[in-house]
Structures are given as structure tokens and as C-alpha cells.
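Single-structure report; data block below.
The values are calculated or read from the model by the stated rules, or taken from the named source; none is laboratory data. Since the structure is predicted, the reported quantities are computational estimates derived from the model, not experimental observations. Cβ placement follows ideal geometry from the backbone for every residue including glycine, while neighbour counts extend to all protein chains displayed. All accessible areas refer to the heavy atoms of the entire protein, side chains included, with ligands and DNA or RNA removed. Shrake-Rupley method; radii C 1.70, N 1.55, O 1.52, S 1.80 Å.
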Amino acid sequence: MKPLRLALLAATSLSISASPALAQDGSPAESREETPTSDDFHGPIYVTAAGVGRLDVLAGTSVLQGDDLQRNQAGTIGEVLARTPGVSATSFSPGASRPVLRGFQGDRVRVLTDGLGSIDASSTSADHAVTIDPLLTDRIEVLRGPAVLLYGSSAIGGAVNVLSKRIPPSVPDEPIHIDASAGADTAYDLREGAVSADVPLGKSIAFHIDGSWRKTGDVSVPGYVASDSLRARLLNMAAEEEEEGHLDEAAEFREGADTRGKIPNSATETYSVGAGFAVFSGGSDLGVSFGYYDTSYGIPGLPGVGHVHHDEEEGEEDHDHEGEHDHEREEGPVTIGMKQYRVDLRGNFDLGSGFFEKLSTRWGYSNYTHTEFEGDEIGTVFDVEGVEGRMELIQAERGGWRGSTGAQYFHQDFRADGEEAFVPPNRTDQYSLFTLQEIGFDPVELELGGRYEHTAIDAPTLGLSRDFDAVSGAAGLSYTVSGDVRVGVNGSRSERAPSAQELFADGPHIATQQFEIGDPALGKERAWGVEGYVRGTLGGARFSASVYRNWFDDFIYLAETGAEEDGLDVFEFRQQGADHFGVETEVSVPVYRGDGFTVVADAQGDYVRATLADGSPVPRIPPLSLLGALELQSARFDARAEVQWFDKQDRVAPLETPTDGFTHVNLSLAWKPLRGSRNVTVMLQANNLLDAEGRRHASFTKEYTPLAGRNLKLSVRTSF
């Protein structure tokens, strides 16, 4: 049996230990093995799950930490991960961007903090930010494949696990340890800083405290804010308004079309504080933490955008101003204020040498409020109070067999108050049982996983309630060809209950410029999946390649209808079969080794093609993307140049607009003046060096929220 090192907490307990940094396939990374450039403070930190030995048989993983995390640091988890294979971002606004995994977003991607859900409203709508601060993150794991269903049926697309030290992983071996970072840039007018301290309180108690602050202005972009197609529509409507003598309306449309240089109303400000402690005794530990997260951010928009119809056929725009003015919105720009209070508990209890060696538990409680302001007036307030918990019994290894069996509980009360409370008050209760078993006989490894989940969703104001029983399973088989090279195949059958929003949404949502309509009759979403892969290291090169396919019955998706209600475009949740096919590749090769330095070449790519049963494309699927990079690594300096190319996306759903392709060129230089126990990394970056215009196809707001232009950034990270 190989060492128990996992990048997944799916069906097991969480503890942190020092061990080698990992490659995407879960094997030790080797691209830096001959140069002392590791920059993971406290020694490399790795998540050790106590239940199984090689869960990456069922789940491919990508890890972001150290210099890579500093290089990709951003205000949202989605943007932090946007250069990772198989990952895009919703890019709704600079303040709200969730990860998109293998073309899936929303309720099919779980964003976790130390193995538990974020317990917020981020999956309810694209404009709702995730309540996780990337500045206080030690490590981010992107988990793909069938095994992540053990996090819950809503992880069918994958999971992102964000790891921090808010509950201390161990007792520090020094009087106090400080981690700190700071940064500033030009495109976002960024100013940010974070600091944390870890202190031993005796030999068995550890205490942690942290805080962060981040502020940005309106984002600088190349050229016009509106896309070419949106500008054409705005200018056409301005001309029509002028012909009809409506000069104020014409001026508004022209102002929207001519806005350039900065995205209006895109500024953000975020701060968070937290503290925790843990008690350790032998092989057991118990810890608690408290955190507060506060963010405010603007929802970008352009003058006249709220009036634009997406029907492009001549004569379909409605210019009956007498009727249209009844629906005009005179409110100011939309901004969002969000707060979360959160308490977490972690426990690991040594059970001795019996069949079960450990009992592990993890619980989180969240009180969350999200307020949408229309100018200075409060529009709609979303309140979420929730609890999530897991308990697992970890089996001792016996003859190459080990595993984990557990239960999970989730409860959430959701309430929205205001004129645009498009989702009625509802309560979700979920109870789950899961198991994951591994049998390893080199060179073959077999993993089997299963999950039963009961979900009850009640909407008392509608007098409606739905109950669902979902059963999911996965099996994976891998074969070690030679050394660290493995090939394998995974199969899965998954089921997902629809969310409260998909069932009961019915109303206007000004922040997203949509009128959303759910369907209380939606059934469970079911899918068969298969994935083949090869992963490992060979001759110093690290590589991973996966080909996967999912066949959905009753796939749930949000579709634009072409109708208009209350001055907003109508979107409906619909259900039919769907077919998702995708490819992901990644390779890292040391191409030259000199005296004290190494040159490494990196390449990666991903592609998704998703089609509904009626033959039309699934909406908002990211296009083909490729990335190539050269990096010089040494003890004191790392220099990296990379080119990331995104193809155009013209395979679009009805009423969905195509997206042009774009290329970003990024440079970075990291200087490490101090090494050893006192680390300092100073990083200078030039992102989007050629100032290219870029828009993410997965974004609802891509027509008027382009990505940032040329951005010079200076950041410092230290640990002592």
C-alpha cells in the first residue's frame, strides 16, 4: 500500500501534515526536485485523509499553493483558479466569480472550506459571491471525477476545497508564527493585506488568529466596455429613439455604447477576521473556530443595457414607450453588501486497534445576510442560516483493504425579503450515508464508493414541498504501468435533487437583469459517467490526461425564453437529456538543468462539448483553451512567461450570443531574499501584457463585463 496522501476529504476526516508537494495525479511533484525552491511555508502542507490510500483512482486533483497561489491570487475563488486545467469562472463581476468545472457551474459545483460547504447563497445566483477569502488561504484543491460525489450530489461537476489554518492543524514548535501578505496593482487599483498568527498555549493547545482587507476601484479594461454586438444594438436603438424624438433615451443608449476604459460600478471592498483553537492528546484532537466575513461590491451595468432586447430579428424590439415607461427602472446602480458569521468544529478521536481506528467529525454553522442596494435604497435582502456536519468511521488497514463509512447532515433556512425576492422562503433538509472502500494489490488498485441522500425542500408560503431520494455510486480501477505511471478507468451513476431555486424561483432579479421562473414539477437529475486517464511522472516529466463523458437524464438548465417580463428577459429552468464530453491534459517537463537552476516547460488544455437531447448546445459552455509556459526556477529567483489562449465560442444555445476568442500573455518574477524558517517572496507580475480584450463565455454579464486589461501587480508574502 502506498503512503496515505490524498487531496480529497470526500469520505474521510481532515488533518494536516507535512509531506511532499503533490502533482495533479496525487504523486509527489518533481518539477522542482533538484533546486531548493519550495516555498510552502511551515514546510509543505498536505491534506491527509484517514480513510483510503489513493482516492485519486476515482478523482483527479489539481493543487494550488505556495508561489503558484501567490501568482494567481485574486479577490474571488473563481478567478484564482481560472488558469487551472478544466476550470473556468462565472466572472459575473469583479466581486462575484464562482469556479466552473468541466462546463458545470452553480449547484453542480461544491465550493468547500476545509471540507464543508460554504453555507451561503452563492449557488443560488451568479451575482452572489462565495464567502471565502482567498487571502487567508493556504491551499486550494480542485477535485474532479466521480469520487467527489461523496461530498454530496451537488458536486456532480466537481468540488473546490479551500484549506486554511483557522482551526490549527498542530501545535506550533515556536513561540509564535506569523504569516503575512500584501499586494497592489494597477488595473483594479488594488490594495490588500492579510496577517495570521499561530501560538502554542502549552504543549497540547494551539491558538490561531487572522485578518485581511482588500479594496479595489472600478476595473480598467481595454477599449469599449460593451461587446461589439451589444454596441451595435445600443447604437441602433439610439438612432431609432432619435428618429422618434426621444432624445434623452437616445443619449442613454449612446452613453452605454461609448463607455470605455473602466467598468462602471465594479469596485469592491472585503475584510474578514477569524480565530480558533485546538486541543491535542495522543492521536486525538478537538478544535473550534469563529469567522466573520464582510464584502461589498458593485454589479456592473451600462446605461441602456436594461432596455436591450436580445431578439435580433428586425421588428421584434418593442418601442411602445407608453408601455415601456411603465417598466422603466429609475433606481441607481446595484451594489451588494454581504456578511457571514460562521462557527466550525473539528474532531478526530483515536479508537485504538480495532476494526475502526478513528472517529472523525466536522461541523459548521453559518448566519449569512446578502443585501442588494438599488442606489441608496435597500432592494432585496437574502438571509441564510444553515448547519452542515459529517461523521466518519475510519477503518484500519487489513491486508490491503481499508475504507471509511459515514453520515452527513445539512439544514438550511432561506428567506428573501423585498420586491425582487425571486425565490420564496424555503427550508432544505438533507440526510446522507456514504462509504468509500479501497482494495490495493500492486500494481492494481480498486475503489468503490456509494452514497444515499434524502432531500426535503419546503416552501411554506407556496404550500409546496418536495422529497427526493438519490442514490449514487462510483467504481474506479487503476493499473501501475511502471514506476509512477498509472492508467485507469472510472464509472459512475449519479443522482441529484433539484435545488429550491430550480423548483420555486418566480420573479425579477435586478442584479442579474433576469426574470427567473422555476418548475415545481422538476424531477431528479440522473447521469451515467465514464472517464479514462493516464497520470504520473516519467523521466522527470509530470503529466495527466483525461477523457470523460456524462450522459444525463433530465438535465436541469436555465434557458432564455425570448419573452420579457417587468422589463427583464425571462429565463426558465427546464429539464431534458444532455450529453457532456470533455478532454483535459497537463504536462510539465524540465527542459534544461543548469548550475543551481532548472527551466521547466508547462502545457495544458481543456475542451468541453455539451449537447441537449433536442440537439441544441447547453448554454454557457466554456470554449477550448490552451496554456503554454516557460519557467526558470532557482533558489532565489523564479521567472515565468505564459500564454493562455481561449478559442471563440460560436456553438451557442438559442438566444445566446457568441463570444470572441482572446489571448492573454502573462509574465512574473519572484524574488526570495530570505530562505529557511524565515521566508519572504516578492513577486512582480504583468498580466494581460498585450492589453487584449477578453470575455468569459460562462458569464451572464460577458456583454458588458470584460476581463481586466494590462495589469501590473506587486505582492509580498512572508512567514516567520
What is the dipole size for region 384-449, taken about its Cα centre, with +1 at each Lys and Arg Cβ and -1 at each Asp and Glu Cβ, in debye to the nearest 20?
320 debye
Separation between Cα centres of region 55-105 and region 423-441, rounded to whole Å
23 Å
Just want the answer: with Cβ charges of +1 for Lys and Arg and -1 for Asp and Glu, which residue in Gly282, Leu712, Val489 is farthest toward the dipole's positive end in the chain?
Gly282
Show which lysines lie in cross-link reach of Lys203 when reach means a straight Cα distance below 25 angstrom and same-chain residues fewer than eight apart are skipped.
Lys165, Lys358
Test item: Cα-centred dipole of region 518-563, Lys/Arg +1 and Asp/Glu -1 on Cβ, debye
420 debye
Rounding to the nearest 10 and keeping the result within 0 to 90°, find how far the Cα-based axis of helix 228-243 lies from the longest principal axis of the chain.
20 degrees
Given a 1.4 Å probe, how much area per residue of the chain is accessible, in Å²?
37 Å²
In whole angstrom, the spacing between the Cα centers of region 153-169 and region 651-686 equals 22 Å
Students often get this wrong, so try it: which of (i) 82, 59, 49; (ii) 96, 68, 59; (iii) 88, 61, 54 is Cα extents along the principal axes in Å as calculated from the structure shown?
(i)
In the chain, with Lys and Arg counted as +1 and Asp and Glu as -1 at Cβ, which of these residues, Pro498, Ala129, Pro175, has the Cα nearest the positive end of the dipole, that is, farthest along it?
Pro175
Could you tell me the distance between the Cα centroids of region 545-602 and region 231-246, to the nearest Å?
37 Å
Projected area averaged over orientations for region 509-607, convex hull of C-alpha atoms, nm²
10.8 nm²
In sequence order, what are the phi-derived ³J(HN,Hα) couplings for region 580-595 according to the Karplus relation 6.51 cos²θ - 1.76 cosθ + 1.60 with θ = phi - 60°, rounded to whole Hz, with x for glycine and proline?
10, 10, x, 9, 9, 9, 7, 8, 9, 10, x, 9, 7, 10, x, 7
Accessible area, 1.4 Å probe, largest first: how do Trp671, Trp363, Trp528 sort?
Trp528, Trp671, Trp363
Could you name the lysines whose alpha carbon sits less than 18 Å from that of Lys648, not counting residues in the same chain fewer than 8 places away?
Lys702
Where does region 116-171 land on Rg(C-alpha)/(2.2 N^0.38 Å)?
1.26
Spelling out what I want: for every residue of region 264-276, take phi, set θ = phi - 60°, compute 6.51 cos²θ - 1.76 cosθ + 1.60 (Karplus), and round to whole Hz; glycine and proline get x.
x, 6, 10, 5, 9, 8, 9, 9, 8, 9, x, 8, x
Just from its helices, what would the mean residue ellipticity at 222 nm be for the chain, if runs of 4 or more DSSP H residues each count -39500 (n - 2.57) and the sum is divided by every residue, rounded to the nearest 500 deg cm²/dmol?
-1500 deg cm²/dmol
In what sequence, largest accessible area first, do Val481, Val444 appear using a 1.4 Å probe?
Val481, Val444
Hey, what did region 339-408 get for relative contact order, percent, Cα under 8 Å, at least 6 apart?
29 percent
Taking a cut-off of 23 Å between Cα atoms, list the lysines near Lys713, but don't count ones fewer than 8 places away on the same chain.
Lys215, Lys262, Lys672
Can you list residues from other chains, or at least 5 along the same chain, whose modelled amide H is less than 5 Å from the amide H of Ala698?
none
Principal axis lengths of region 597-648 from Cα atoms, whole Å, largest first?
56, 15, 13
Expressed as a whole-number percentage, the relative contact order of the chain with C-alpha contacts under 8 angstrom and at least six residues apart is 12 percent
Indicate the gyration tensor shape class of region 131-239 (rounded, prolate or oblate), computed on the Cα atoms with a ≥ b ≥ c the square roots of the eigenvalues: a/c under 1.5 is rounded; otherwise a/b larger than b/c is prolate and the rest oblate.
oblate
5 Å is the cut-off here: which amide hydrogens, built 1.01 Å from N in the peptide plane, fall below it relative to Arg620, excluding neighbours closer than 5 in sequence?
Ala653
If you put +1 on each Lys and Arg Cβ and -1 on each Asp and Glu Cβ, how big is the dipole of the chain around its Cα centre, in Debye rounded to 20?
5100 debye
Where in region 159-196 does the label zone of Leu714 land, with the point 7 angstrom along Cα→C-beta and an amide N cut-off under 17 Å?
181-194
